[in-house]
1. If I go through the stretch 67-82 residue by residue, how many of them are surrounded by 15 or more Cβ atoms within 10 Å (Cβ to Cβ) and under 15 Å from R148 (Cβ atoms)?
2. Here are some residues: R269, R212. Which one is surrounded by fewer than 17 Cβ atoms within 10 Å (Cβ to Cβ) and either touching a Cys at 6+ places or on another chain (Cβ under 8 Å) or in contact (Cβ under 8 Å) with a residue 24 or more places away in the chain (or both)?
3. For the subset of the stretch 105-116 comprising residues that are surrounded by 16 or more Cβ atoms within 10 Å (Cβ to Cβ) and not acidic (D, E), which member is nearest to M142 (Cα to Cα)?
4. Across the stretch 120-140, which residue is nearest to the chain's Cα centre (by Cα) among those that are surrounded by fewer than 15 Cβ atoms within 10 Å (Cβ to Cβ) and assigned to a helix (DSSP H, G or I)?
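No value in this document is a laboratory result; all are computed from the given coordinates. Remember, it's a predicted structure, so these values are computed and weren't measured experimentally. Positions of Cβ are generated from backbone atoms using ideal geometry, with glycine treated the same way; all protein chains shown enter the neighbour counts.
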Amino acid sequence: MKRPLLCLVPAGWPRHLCSTLPLWTGLTGGLLLSAIPLPVRAQDFVLGANDANFIEVDENFVFRNIVPSASTAAEARSQLITALEIHLEDLQRTCNLTENQSRKLRLAGEMDAHRFMTGLASLPAGKRRFTQEEWREAHLQMQPLQNRYKNGIYGPGSVFQKSTGTTLTEQQLAAFQQARMARVKRQYQAAVKATVSMIDGQLPLTSTQRDRLVQIILEKTSPPVNAPSDHLQVFLVLYALSVIPEEDLRPIFEAAEWLAIVQLRTQGRSMKSLLTQHGIFDEDGGTERGTSGPEFQGIGIF
């Protein structure tokens, strides 16, 4: 039986300020609560005690809402450059870059960092008091930068990624892609196991059921190339669960358990638009993003 819809908002948060995602309570009500991306964190704002028409925030909330551990533009830029160095070191280990290649890729990454910092500079940093309308406008301004940061400054659509394709030799590019796909598959395997463990916490399963469910998901699906490495991994696995044919999953569960899994699969199908918004899939369904196998709505189905 369907239960009341749940607004996924932590205790103490004003509901009218937060993004909501309809989920059924019960099996999944607590499963994804901590994973939903919301506009700001609880410690970053308080409502005026005597005037609910205004929102008062910490002066550094803009930076912390986009780059969580940064409170200033200098800290944000430092983190971007550190991330770039990690990418370059990874490429160096995999592809043995020449000095000229390293210089070109560093310049491309610095362009991405500059573009991102320019976007940050356009935000109302330091502003502490917002009207409701100003708050909505600020959130709309922040959202593209939030998505870009979560998807990777040097990831899909970046100058760095495009330059990688034109700077590396065919042999280097093949080695890079092979290493990248191996990493994506490892992350996906870990995400599948973690998500099944979370399901088990709400719907107790036997060890045989857990192992079989993990096996089926990994056998029947493959991650998109741009698989997330953050909280969206859970959403990706739930979506993968929703596209696996019923006949592959139904024998794993008892009748009462299957009813709960059906609800979970229904919820998983609703994750498609969210994953697309975050760049995990293409707008047309992500037909070229799977790691292998024929594609079904952005997830490879074997």
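1. Residues meeting the conditions: 6.
2. Residue meeting the stated conditions: R269.
3. Restricting to residues being surrounded by 16 or more Cβ atoms within 10 Å (Cβ to Cβ) and not acidic (D, E), the top hit is F116.
4. L140
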